[in-house]
Amino acid sequence: MLLENEARLSEMELLRLCEIVNSRLGFSYGPEKKMLIVTRLERRLRQLNIGNISQYIQRLQDDPLEVNEFIELLTTNVTSFFREKHQLEIVNRTILPVLKAKDRKVFCWSAGCSSGEEAYTLSMMFSDAFSGDGRFSILASDINVQKLKEAMKGVYSSEAVKDIPDNYFRRYFMPLPGEQESYQVRNELRRTITFRKINLNEEFDIPANIRFDIIFCRNVLIYFSKASREQLIDRFHAILNDGGYLVLGTCETMDVHRDPRWKPLKNSIFLKRV
Ligand SMILES: C[S@@+](CC[C@H](N)C(=O)[O-])C[C@H]1O[C@@H](n2cnc3c(N)ncnc32)[C@H](O)[C@@H]1O
């Protein structure tokens, strides 16, 4: 089936599919993504009992909800607790004390949070640094509704929780009753996070009075085209407080390095200059 579909996918069809993904998500997918697109579409075509990709493209044209399903298939959602630990240690050591010293509530955003591991990691770090005084709030967002539902549930396998330091794990997780090898994030932590669907390729639907002190957008920009990336960085700049921080994935410093509005700190962390 897979190879059949791949062989039957014409260049025009492939370009049409890439165009849909790119215009919605801001990605730069091109013909080199043929295999990825075909592989990810296989199961969906079976579910819908659709025999070929031409029919599927017709379906995408007739049904805007199917476009959402298609977009979700094409996002890559790999994530983990305490991912890029070295970078988080820098945040812990040098940034959290600065944020804690502010005489007000601090706002953090995990943009492109996937199934929530990054947001819960940040919440554990903030809770620890702020000694549970409740002076911080985390927005966690993604375009993928399925992943957001998983994030809100906050239930993870023993494999997923294995990199959480022991002291955090004992404090913030509990075994899920009736489920073997599954752990749920405690309410104390869940209360600190608001999960929302936000497309980073569109104007942010965020209350006008909110300004963030730190934005994490890690391992999201790699898929974006240069133009969408630049627009997104501009929007992050506008919604950060002066002296706020932007934390990117350690492999994606990209254009921000050359942008005078940002001061590069260590490990893909940038300071919004005043
Ligand atoms: C590889 S995961 C990264 C998760 C987490 N930030 C981390 O570093 O572990 C990338 C996430 O970005 C989301 N994403 C991709 N394009 C997006 C867009 N245009 N708007 C919002 N989220 C997007 C995907 O759905 C996916 O969950």
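Read the figures in this text as sums done on the coordinates, not as results from a lab. These numbers come from a predicted model, not from an experiment. Cβ: placed from backbone, ideal geometry, glycine included. Neighbour counts: every protein chain shown.
Of note:
- If R0 is 45 Å, the Cβ-Cβ spacing of R40 and S131 corresponds to a FRET efficiency of close to 0.50.
- Taking a straight line from the alpha carbon of K266, these aspartates and glutamates sit under 18 Å away, with near neighbours fewer than eight places off in the same chain left out: E84, E89, D213, E252, D255.
- Cross-link pairs beyond the 29 Å C-alpha cut-off, checked among K85/K197; K85/K153; K102/K153: K102/K153
- At an R0 of 22 angstrom, the distance between the Cβ atoms of L65 and E13 translates into a FRET efficiency of 0.60.
- In the chain, the longest principal axis of the Cα atoms and the axis of helix 226-239 are about 30 degrees apart.
- Candidate lysines - alpha carbon under 24 Å from K33, same-chain residues fewer than 8 apart omitted: K147, K226
- The sum of -39500 (n - 2.57) across all DSSP H runs of n ≥ 4, divided by the residue count of the chain, sets its helix-only mean residue ellipticity at 222 nm to -12500 deg cm²/dmol.
- The C-alpha atoms of the chain define a longest principal axis, and helix 34-48 lies at about 80 degrees to it.
- Counted by Cβ distance under 12 Å from Q58, the other residues give a net charge of -2, where Lys and Arg count +1 and Asp and Glu count -1.
- Packing, as the average of other Cβ atoms within 10 Å across residues, places the peptides 55-65, 239-249, 13-23 in the order 239-249, 13-23, 55-65, highest first.
- Two-site FRET efficiency, T76 against A208, from Cβ-Cβ distance with R₀ of 35 Å, rounded to 0.05: 0.65
- Positive minus negative residues near Y223 (Lys, Arg vs Asp, Glu; Cβ under 14 Å): +2
- Neighbour-count order for M124, M152, fewest beta carbons within 10 angstrom listed first: M152, M124
- A crude spin-label estimate for the pair N52 and S23, with each label 7 Å from Cα along the Cβ direction, gives 2.4 nm.
- DSSP beta bridges in the chain [antiparallel fraction, %, rounded to 5]: 40 percent
- Packing here is the average count of other Cβ atoms within 10 Å per residue, and on that basis the peptides 190-200, 153-163, 134-144, highest first, run 134-144, 190-200, 153-163.
- Along region 80-85 the Karplus relation, 6.51 cos²θ - 1.76 cosθ + 1.60 evaluated at θ = phi - 60°, assigns HN-Hα couplings of 6, 5, 6, 5, 6, 4 Hz to successive residues, with x for each Gly and Pro.
- Residue order, fewest to most surrounding Cβ atoms within 10 angstrom, among E118, E32: E32, E118
- Overall dimensions of the chain as given by Cα atoms, namely Rg and Dmax in Å: 20.1, 62
- With respect to the chain, whose longest principal axis is taken over its alpha-carbon atoms, helix 53-62 is tilted by about 60°.
- A cut-off under 10 angstrom between Cβ atoms defines the neighbours of R40, and their net charge, with Lys, Arg +1 and Asp, Glu -1, is +1.
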